[in-house]
Structures are given as structure tokens and as C-alpha cells.
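To start, the structure under review is shown below, and the notes come after it.
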Amino acid sequence: MLRLLALTVCGGFLFGMSLTANAAEKIVITGSSTVAPLVAEIGKRFEEQNPDVRIDVQTGGSSRGINDARSGLANIGMASRSLKDEEKDLKGTAIARDGIGIILNAANMVRSLTDQQIVDIFLGKITDWSAVGGKAGPITVVNKADGRSTLELFLNHFKLKASDIKAQVIIGDNQQGIKTVAGNPNAIGYVSVGTAEFEAGQGTSVKLLSMNGIPATVENIQNGSFPLARPLTLVTKDEPSGVVRAFIDFAQSAAVHDLVKEQFFVPVLP
Amino acid sequence: MSPCSRDARLFWILSASALIASGLLLLILVFLAKESWPVIQNAGLSKFMRSDGWYPTEGAYGLLPMLAASMAMSALAIIIAAPLGVASALFCRFYAPPLISRMYRWAIILLAGIPSVVLGLWGLTVIVPLILAVSPPGTSLLAGSIILALMILPTVALTTEAALAAVPMTYWQGAAALGLSKEATILRVALPATAASIYAGILLAVARALGETMAVLMVSGNVVQLPSSLFDPVRTLTANIALEMAYATGDHRASLFVSGLVLTALVLALAAGARRSGGQIVHA
Amino acid sequence: MRESRAFDLSSPRAAWRDLSLQAAAWFAAAIVAGMFLWLLFDLLWHGAARVDWTFLTTTPKSSGRSGGIAPILASTLLILFVAIAVAAPLGLATAVLLSEYTRREGRLGQMIGLSLDVLAGVPSIVVGLFGNAFFCVWLGLGFSILAGGLTLACMILPILIRTTESGLRQVPDEWRLSAEALGMSRATILIHVLIPVAAPALIAGLMLGIGRAMAETAALVFTSGYVDRMPASFLDSGRAISVHIYDLTMNVAGGDKNAYASALVLIALLIIINGIAVALADRALTRRVSAA
Amino acid sequence: MTKSTGSEPGQNKPAPATPFTVSPIVAGPTCCVPECQIRIEDLAVSYKGVPAFKDVTLDIYRGCITAFIGPSGCGKTSLLSSINRLTDMIAGCSVEGLISIDGQNVRDPTLDVRALRRRVGMIFQKPNPFPLSIRRNLEMPLREHGLTNRAELDSRIEKALKDVGLWPEIHGRLDAPALALSGGQQQRLCIARALVLEPAVLLMDEPCSALDPLSSGVVEDLIESLRGRYTVVIVTHNLAQARRIANYAAFFWVKERAGTLIEFDFCRQLFEAPKHELTAAYVNGQRG
């Protein structure tokens, strides 16, 4: 019985080894979990058009994507933000845009909040909805975990420090934010505009707030009027060439705009 | 092949396997230590054993609240799961009609195999709103404990059941001969005879509870604070790693590995402590 | 052991205590079963409509919102295969060493036992990071099914060893003694008597391990990866079903329906594997002691 | 290690290198020529420093049945297990003194224990056939000792089963699980399992005590039929049984918290005219 097992193991390994010989040209892409589903879909379409290329997309966060691109572990890194100043040695290409919108539970009576009110809520200076014109109830602040690009964008926009925010719930990925706010009538959070719009359309109990009077819609992100937006970026170590170049060009082209919209992001126009 | 050399060979194969198995732990520890070394060197361990905030990007590394949260959540979970698990095993073994017993066992085994993500999702959409109705924000220490309890219950139930199955027939006969009632036989004979195994099962369950990540992340709120009530949102060490690892670099990343190191040390202390007292149970 | 039903309840006090223990057992079972059924019905409610043959046999489309999970199922099973193929022999051998060659109080046994208990408690995400650093990068396996399987093997090893060891320890000493008295080698008695008798425990451990392995998310994201293409070899990256479920619920808007459906498939898969394991154990047992 | 491959010991072939090759049985069926086969001198066994028995000196004669009698806890079983060195398996057990079989020191650390155990079979109190088929139970020890020839295996198995009288009962279902047999059948199978290796000595530790009277009688008859062909050492609490089947008897008693040999003699002598008053009291049912 034991011997049989051992044989199977060996057989399995040999099988594995033998099949890798047919490796086509492979592009490894790692990074932001926000960007990964989109790039994976783009990759599939690219593979269809270029049968001898294989594109492996792995997730792990923006910082990871940038690190892997820099160290050469990945051909391309994915980041859900623009490159920081200390990352300017790398080459970044935006393939889509994403807006960050404030969401409330759909049952919340509050229609709009001023920037100051949002800041006060997130700093814990306002703790009850009655202070901003809603039905009395303790505010549940839903914040993003430290290090996330969404958080950085939010903090930058409102000129806040991570340690000053008084949150009741801290979440990781985008959908967790939507699910948390949808389940709590007194919650406030911020998520990707496209997905929130989609979820609200699907009947999920969330609604997007206007910012500075500008409604949080995909349209307003596209025309650049919505203030809280970020680029989804593909990062390479050097000026890309060969298949990598071809892929990045493809990812920017109009041929993938339907995929970008399918993921509730906003295509970048050349 | 002569039996002697065959035995010798067997022994070497076995030893090599055991060496690999326990070597794995050593490797993991070395890996953890190596990854967390830079920040320990820079900031010192004492900076982690504080509760003045976790803002690694701003140089504040207070792990204490998360350590407390991890311990509190696992303790609560085992307080819920241990009685339910042992009672489940008793139910399966002594009280349930054969068909129900079989089905119930299946349910327990399936429960053990439900991905923590699914449990977390269910917790977030079902349990959290229930707790929210009592006291906001719903995502809380209590929610995490309930989900964890569900997750580790099968471990307790299955190990207890296996241990009960192994109680020698003579014990039952002996108890029956003494005219002991069923209840007395179970409580005074069967459970004490299996105490060591049940204990081991509970230990395994606590270790799993301490190490659980995804479900906890989804339902417990993840706010870094010392919990003062069951309804407070808390962040465990594992959730901390999962939330931030993908986005961390440099000292921040290293400090997350310190979280892992602290957690492993906690499990080690637990296992060593249990081993000491467990040994006494075996001899008693 | 239902013979114990025949116990005589002599005094009303004892009868009352009997009854209350029985009630407590039923009550606990009802709570657990209730929670489980609630969970199961929740999953069925959200996902049952999606599960059909097409779902099982087509590839995911639009990041998994639509389409099926065929490549994901294939990757999951391959990862599981690698994990078991590595962990089962290693675990069995270690368990045998612990139960047959070391005394429970002995130093060596204690050391190995302690390290296993700790290994069982290392958070899966840490194991995942370790797997990434060790198997993917250091051994050069990259994001691959092989690396994922090996990482899972590390995770299920302690469970496997512990249950198998306790199974072996429960085999009565008589057989060891008589084998010894017949001048037989330990290898023979192990292979022909002890391991078959302990097989149910081994299978129970394996089931727990498989359950845990299939449910694992955190460790696999970093090792077997995110690629949802049909794997062509063990060195390909392949998305495991729990990673898929996590991605659909937490990262892909509109993926919930397929997430629930995938969870149902996962549970069905567990039922099938468990059924096979139980049948195998029963057969092994009845063949040895039928009519006894 | 020495392991004779072609020739099976017991065949009439000179093999001086193998310590346990015995010359063909010389003792007649009535055990009329007492020839010492096992010599025990000043033997003591202790477990973790607690003595089980000490100061035991006695000779066991070839082809005869020797019974060990005495109350529980006087070291009979420990003495039995030290003869085939099963005491090695028990942690904390230490043996002192001398045991030799056919002049070969059993306690020699360089001795091949497997060869020893092959020449010294052992039967335990509880029947303990392996959870395998009847055939596999008998086949496994043979294969273990290097016999692989199918025909030879079958003939040896048949012979052993015939020797223990099981053959007529079970020859049609050799592949049935051994644990499905009755208790008495299981014990006879265990004896067959020991006999199949063609040992010179059989150690029996209360072989009938776990059996019902009928099965016990069958096993007793079987043991009696082994006289002359094998040297049998039997521990028993059944004095009548000892009296019925044994040629020699040894009486043990606990003195100063350790078992010791009180009297050793011809069985009839020991029962009918014991020299020691303790023996007299015990065999007459006044003590113990």
C-alpha cells in the first residue's frame, strides 16, 4: 500500500515535469486585488488572440505588485493607485480609472454630507446621525485597513492621518465594505463607485453620496469632475518591450473597454 | 531481505519522516524570525508589547490589544464549543438512534469542511445583523467567537467521539455490573477515561481558533482596541496579518511577521502548558 | 455501544439525572444541527439554482460572475492530490514512529509532539507566506499547484499524525506481543496488522485534513495562485475553489450567486470524498472481523 | 545475523553454526529419560527496581510438560517471558541470572532474538489471532522466516492445523477471518501458529483460563498430545489441570514482596507428597 502511494507520488511529479516542457512565452503579473480580476480577463482575451502567450495573474496587493515588478519576480505589477514619488524609477501605465465614493445604508435618511461633516464623522467628533440631519442613531464608521490604496486616497483627499480616524469597523476588500454597510442601517463607508452603483442597482441596501455636490457616478469619474478618483496602473521596471509591450498596449486599447466596464471601472481614453 | 535489516531500514525511514515533519516547524519558525528580524532590531520587542496604537506606517507597533483579542476570542469560542462538542459526541454515541447518529456525524464532518470564507459570509449576513439589533456595530468579539465556535466544534466532537469509541468494553461491563446508571457510567467512567483525548482535542481546537483568519476578519470588525465588552469590534493577530500583509512593505511588513511570531509563541506556550497538565491527567 | 441502553435505572434520582443528561445531549445536538442546517439552507437558498452540469463543466466568465468552475474544480482536486500524496505517507510514518518507537513520556516523543501541536496552530496565512518563500521562491516552483499542495501538506500533517497516532495507540498490545513472540519483524506486524486495524483512525484524520485543505484560502492565495485557467501540469498556477469563493464574495461585485453555488459544490465534493472514505474503512473492517 | 536459508532447522542436517538446532527428539513419549533442556539459575526479574521474583533455579526437561503453579503475582508469567526474552519489550524491566537452552545462553546480548523466538513458541492467556484470515495467520510467521514456496507453505499449514485438531473443522474456510472463530478455536489457532514454525519449546501462559470448560478440555487434550514432541512450560491456576497433564511442577509463592520458587519436583510428588508445608497447604486448597 505504501509502495503504491510512493509510486503515485513519483508518477505525479514526473507527469508534472514532462508537461512543463511545452511552456509558451509567459507573462507573470502580480499585485492589487482590485485590478487583478480586470487584468485576468484582459489576459484571457489577449491569449485568445496570441495563442503562444500565456498570462498568469496573481493577487497580493499594490505594494506587492510594485515590489515584484522592481525585483523582476513579475513582468508586470498591478497597483490600484498612481506611482508614489519614491517609485518614479518604475514605469506606470494607467489602464482604467476608479472612483471612491462615500456610501450609506439605503435606509439612512441623510441625502448629502459636506466635506467637514465627513471629516468630523471619521474623526469621531460627530457620533450620531441626528447631528447631520438623520434619524437618531450611533454612527458606525467603516474604515479601510492600513496600507490599502483606497485608504490612502481617502486620507489624502480629506487631509487626515490614519491614526486620527475613529472607526467602529475596519474592512479589507471592497465587497466587504458594501456588505457591511448594507447590513447596518447606521453605517458609513467608502468604496469603489462603480461596484457600489452596480450593487445599488441590484437592490443591495447601499447608496452613494454626492461629494461637493457632484454625484458619485461613473460618468463624473470619466469626465474627471468627481474629486476622489485613482488610476489602475500597470507597472514595469523599465520601458516595456516585446510581448509585455504588446500586452500593455492591448490593455489600454478600446478593444478591452467592454471588459473594463464589466468590472465597473472607467476606461481611460487616449 | 532479512527481517532485522528490514526493521532497521523501517526505523530509519520513520525517523527521517518524523525529522521532516518536525523540521517543517523549525523552518517556519526560522522563516518567521528572519522576516521579522529587521523591525525587532530597529524598534525592539518592547515596542510591540504596548497598547498605545497600531499604526505601523507611523511607527506605532502596539500589538497588545490584538493579542488580547486573539486570546479572548479563542477562549470564548472554546467555552461555547467544548460543551457543545462533548455533548454532541455523547449524543452520537449514546443517545441518538443509529440513523440520526450517522446523519449527525456527517453534519459534523461537513461542518469541519466548510470553508472559513463561507462561514464568514454567513456570519456577516446572518449573525452580525442579529447582534447589531442588540448592540451596534454587530461586527464584534461575540460574532467572531460564535463563528469560531462553529468552526472548531467538529474537532472537539470528533476527537471526543473517537476517544469514547475506544473505551474498552470491560469498563461498560464493569459499570453495568456495579449497577451504575447510564448517566453515572458516562460521567464517572467514560469521560474520565477519555479525559486526556478530549483534552488533546480541545487543545487542537484552541490552536485552530487562534490561527483562524478569514472568517474572523469578516465578522469581528477589526478595530485595534482592548475589548471591554462582547459587543466591541476587535482585531485578532491573524486578521491583522491578512488585512495588511498584501499592502505592507519594509518595517510594516516585518512588523506583521512579528504578529505571526507572537501568535506562534502563544500556541507554543499553550501546547507546552497543556502538555504539562495533560501529562498529569494521563497518569491520574 | 448501545448495549448500555440496558442499564438499570434503580433510583428515581438516578433516573432523573439520566434524563437530564440525555436532554442536555439532545439539546446540544439540536443547537449544532440547527446552526448547520441554517447555514446549509442559506447556501442552498442563494446558490442551488446555479448548480447544474454546465456550471461544473464550463470555464468562469467575467471574473467568475458567470460561467462555471471546471478549471477551479480541476485545480482544487490536483492540489488536494498533491497534499495527500505527500502528507499521508509522511504523516503515517511519523505517527508510527511516535506510537511504536517512542514512549509517550519519552523525550523524543514529547519534542516531536510539541512541535506538531505548534505546527497545528500556526495561522494558515503564515504557512502560506512560508510556502511562498520556501516552495515558490526558494525551491523555484513558482505559483503552482505543486507549491500549493506542498503548503497544504504542511498544514494537514499535524492533524493526520495526531489522529493516526492515537489510532495506533489504541490497537491492543496483544498483537504486538504475539508477533514479537513469533519472532516477526516490526515492519511485518505494522504493515499487515497494526496499520490496517488503525485504518479507520487514519481515514478519519485524512477526512479532517481534506476538509481543512479544501477549505483553505489564505495559504493558497500565496502559493497556488489566482489563475483560473484549466491547469495543464502540476507546475501551473491554479485557483483553488475556496480562493475562488473568497474572490467572488469579497472582491468581485455581483459574484455572490456563483460564490454560493461554488460553496455548495465544495460541500458536495466533501460528502462524496467522505462517503468513499467511510465505505473503504467499513470494508476494511468487515473483511477482518466479520461475524465476530 | 545468521539466518539459514535453504535448510529448515529441525530437519536432520548438521548445522553447528545455528545455536538452536536441536538434535532429533530423544526423549520418548513417556518422558522417561530426563534430559535438561532449559536451565535456569539464580534468575531474578524486576520492573523499575521492584522485584517480580528472585532466586529461581530450576531445570526444564526435554519433551516433558512442566507446570508453574502458585498464586497471582508471584512472578510465573515474568519467568515465562524471560525465557523467550519477551521481557526485552517492557521498558524498565531488568533480568539477572542465567537462562540457557541447550547450553546456549539466552541472555547473550549478541544472540539473534528472532531465532530464539522461533525455537521457543508462546501462547497467551487470551486468544490473540491477528485480524486476518486463518491462512494469513499461519502463513505470515512462515514467510517472515523465509519460507515462500507455496506448496511447502500449504503443507505446513495443513500439518499445524491437523496437529491442533482444527483441520476437520475449518479446512474448507481457510480464508475466513480468524476473529470469526470461537474462543476455543482461536486459541487452538494460536497454538497452530506457534507450531507452524516447528519450535522446540512451547511457553503457555494460562492458555485455558479465558475459555469455557468444553473448549478448555479440548485445548488441554491438545497440550497433552504435544508431550514428547515439544518441551512445554505451562503456567496455570487450575491445579487439577496441572495434575492431569504435567510431568513436573514448580510451585511459586510470594516471600518478602517478591515471588520465589518454593518447590520443584515430579508433578505427582509435588501434589501427593509435597516437601514444603506451603506447597502442601496450597495444593490442598488451604492457602492461596
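Just so you know, all these numbers are worked out from the coordinates, no wet-lab data involved. Owing to the predicted nature of the structure, the values given are computational and were not obtained by experimental measurement. No Cβ is skipped: glycine too gets one built from the backbone with ideal geometry, and neighbour counts run over all protein chains shown.
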Once the cut-off is 29 Å, how many percent of the Cα-Cα pairs in chain D end up in the long-distance tail? 33 percent
Calculated from DSSP helices alone, with each H run of at least 4 adding -39500 (n - 2.57) and the total divided by the residues of chain B, [θ]222 nm to the nearest 500 comes to -24000 deg cm²/dmol
Which angle between 0 and 90 degrees, to the nearest 10, do you get for helix B:98-113 versus the longest principal axis of chain B when only C-alpha atoms count? 20 degrees
Here P(r) for the protein assembly as shown, Cα-Cα distances in 10 Å bins, as whole percents, is 2, 9, 16, 19, 16, 12, 9, 7, 5, 3, 1, 0, 0
Could you give me the ³J(HN,Hα) list for the range A:146-163, computed from phi with Karplus coefficients 6.51, -1.76, 1.60 and θ = phi - 60°, whole Hz, x at Gly and Pro? 3, x, 5, 4, 4, 4, 4, 4, 4, 4, 4, 5, 8, 6, 10, 10, 3, 6
Which of the trypsin sites (Lys or Arg not before Pro) found in the range D:142-209 are loop residues per DSSP with 12 or fewer other Cβ atoms within 10 Å of their Cβ? none
Helix C:145-169 versus the longest principal axis of chain C: what is the Cα-based angle in degrees, 0 to 90, to the nearest 10? 10 degrees
Surrounding charge for A:I55, neighbours by C-beta under 13 angstrom, Lys/Arg +1, Asp/Glu -1, total -3
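Rounded to the nearest 5, what is the percent of antiparallel bridges among the DSSP beta bridges in the protein assembly as shown?
If I count the DSSP bridges inside the protein assembly as shown, around 60 percent turn out antiparallel.
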As a check on your grasp of the helix formula, calculate [θ] at 222 nm for chain D: sum -39500 (n - 2.57) over DSSP H runs of n ≥ 4, divide by the residue count, round to the nearest 500. -9000 deg cm²/dmol
When only DSSP loop residues count, what trypsin sites (Lys or Arg not before Pro) in the range D:202-288 have their Cβ near at most 16 other Cβ atoms within 10 Å? D:R229, D:R257, D:K275, D:R287
Can you list the lysines whose alpha carbon is less than 16 Å from that of D:K54, not counting same-chain residues fewer than 8 positions off? D:K76, D:K255
Where a Cα-Cα gap under 29 Å defines reach, which lysines qualify for A:K91, not counting those fewer than 8 residues away within the same chain? A:K26, A:K44, A:K144, A:K159, A:K161, A:K237, A:K261
What are the principal axis extents of the Cα atoms in the range B:48-283, in Å, biggest first? 71, 40, 28
Around B:A69 (Cβ within 14 Å, Cβ-to-Cβ, excluding B:A69; K/R +1, D/E -1) the net charge comes to -1
Roughly how far apart, in whole Å, are the Cα centres of the range C:57-126 and the range D:72-129? 43 Å
How many angstrom lie between the Cα centre of the range B:238-266 and the Cα centre of the range C:17-31? 43 Å
Between B:Y61 and residues 5 or more places away or on another chain, which pairs have amide H atoms under 5 Å apart, with H built 1.01 Å from N, and which residues are they? B:Y55
Output the relative contact order of the range A:98-222, whole-number percent, from Cα pairs under 8 angstrom with separation of 6+ residues. 41 percent
In a solvent-free Debye calculation with one equal scatterer on each Cα, what is log10 I(q)/I(0) for the range B:6-45 at q = 0.25, 0.26 Å⁻¹, listed in the order of the q values? -0.78, -0.80
Over chain B, what is the relative contact order in whole percent, taking alpha-carbon pairs under 8 Å and six or more residues apart? 27 percent
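Within chain D, what is the longest stretch that has no GluC sites (Glu not before Pro) placed in a DSSP loop and near at most 16 other beta-carbon atoms within 10 Å?
Excluding the exposed sites themselves, the longest stretch runs over D:36-255.
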Given an 8 Å cut-off on Cα distances and at least 6 residues of separation, report the relative contact order of chain A as a percent. 26 percent
Sort out for me the Cα centre separation of the range A:150-183 from the range C:193-266, rounded to whole Å. 30 Å
Set of aspartates and glutamates near D:K126 by C-alpha distance (under 16 Å), chain-local residues within fewer than 8 positions excluded: C:D173, C:E174, C:E180, D:D205, D:E206, D:D212, D:E220
For every helix of n ≥ 4 consecutive DSSP H residues, a contribution of -39,500 (n - 2.57) applies; sum these over chain C, divide by its total residues, and give [θ] at 222 nm rounded to the nearest 500 deg cm²/dmol. -22500 deg cm²/dmol
Per residue of the range D:220-232, in order, report the coupling 6.51 cos²θ - 1.76 cosθ + 1.60 (Karplus, θ = phi - 60°) as ³J(HN,Hα) in whole Hz, putting x for Gly and Pro. 4, 4, 4, 4, 4, 6, 7, 3, x, 8, 10, 8, 10
